[in-house]
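Everything on this sheet refers to the single structure shown next.
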Amino acid sequence: MDLSMRAPNEHAEIRGIIFDKDGTLFDFNATWGVWAQDMLRAEAGGDEARLATLADVLGYDLARSRFVPGSIVIAETVEVVARAMLPHLSETDPEVLITRMNAAASKVPQVEAAPLIPFCQTLASRGFTLGIATNDAEAPARAHLQAAGVIDAFSFVAGFDSGHGGKPAPGQLMAFCHATGLAPAECVMVGDSLHDLHAGQAAGMRTVGVLTGPASREELAPAADIVLGSIADMPDWLAARP
């Protein structure tokens with residue numbers, strides 16, 4: 001039987017937790033809102049009409065320096081975002097644009113959704129195996145975790161370019177299970193978007209939504225076992241489980 005088609009066993013012991021990165025470990029708009037303003041202005045090259053078009057294509061509110069709910073940047077891969085921008089730029093090579101965006105993204109200071117060092121220490125002390133599944137590229141993801149001082153807390157880190165595909169497909173999550181020896185029913189996928197939660201469902205994992213991305217509770221709830229305010233609520237939720 002295909003593991004990705006199994007329904008999660010609600011009574012199985014949770015042993016593994018796999019997190020999305022942007023909007024989950026790190027507050028999405030607090031981290032990427034200001035950066036996107038600078039990135040779009042640089043790519044527009046002083047052309048205000050082009051700037052407005054790029055912002056519209058990406059679902060970005062220039063006045064508020066925030067991504068709006070439904071923005072493709074929230075859950076899609078860097079490749080998808082770059083290809084959406086490309087028709088409106090003088091740049092013609094998607095790989096050049098992707099490389100430029102990844103290089104810039106790896107240097108962006110991340111705003112933690114909760115203090116990550118004590119958060120990871122708490123989960124590790126309780127015996128949980130932790131992983132990352134992000135639609136960011138793997139290199140900037142590792143750079144962000146390294147800068148936060150928590151890279152060693154994660155047994156598995158996968159980006160869209162790590163060879164397992166991107167979310168909402170379950171490939172990254174199944175690779176986490178393969179790498180750790182855990183069954184999907186023993187794992188939880190934690191994320192701020194429907195792409196995260198649908199990947200978790202497809203893998204046969206339990207799903208936890210968090211509200212540190214642009215998606216609302218109402219949007220996430222149908223695909224989540226529970227929606228929490230942030231990852232800061234995870235230790236109490238885990239402790240309260242039978």
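At 222 nm, what value in deg cm²/dmol follows for the chain if DSSP H runs of at least 4 each add -39500 (n - 2.57) and the sum is divided by all its residues, to the nearest 500?
Dividing the helical sum by the residues of the chain leaves -12500 deg cm²/dmol.
Could you give the longest part of the chain that holds none of the GluC sites (Glu not before Pro) found in DSSP loops with at most 10 neighbouring Cβ atoms within 10 Å?
14-242
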**Asked** If you line up the Cα atoms of the chain on their principal axes, what length do they span on each, largest first, in Å?
**Response** 57, 36, 34
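Efficiency by 1/(1 + (r/R0)^6): what FRET value for THR99 and SER216, r their Cβ-Cβ distance, R0 = 35 Å, to the nearest 0.05? Each step should come with its number before you reach the end.
Details: r = 34 Å, r/R0 = 0.97.
So, using R0 = 35 Å, E works out to roughly 0.55.
Once you have the Cα-Cα distance between LEU89 and ILE72, take 0.36 nm times their residue separation minus that, and quote the gain in nm to one decimal.
Numbers: separation 17, 0.36 × 17 = 6.12 nm, distance 1.76 nm.
So the extension gain works out to 4.4 nm.
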**Item:** FRET efficiency for HIS178 and ASP152, using Cβ-Cβ distance with R0 set to 25 Å, rounded to 0.05
**Value:** 0.75
**Request:** Assign unit charges at the C-beta atoms only (+1 for Lys and Arg, -1 for Asp and Glu), then state the dipole size of the chain relative to its Cα centre in Debye, rounded to the nearest 20.
**Result:** 380
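Mind ranking 222-228, 123-129, 15-21 by how tightly packed they are, going by the mean number of other C-beta atoms within 10 angstrom, highest first?
On the way: 222-228: 17.9, 123-129: 14.3, 15-21: 23.7.
My ranking of the peptides, most packed first, is 15-21, 222-228, 123-129.
All of the numbers you see were taken from the coordinates with simple rules; none came from a lab. Treat the numbers as computed from the prediction; the structure is a model and nothing was measured. All Cβ positions, glycine included, derive from the backbone under ideal geometry; neighbour counts span all protein chains shown.
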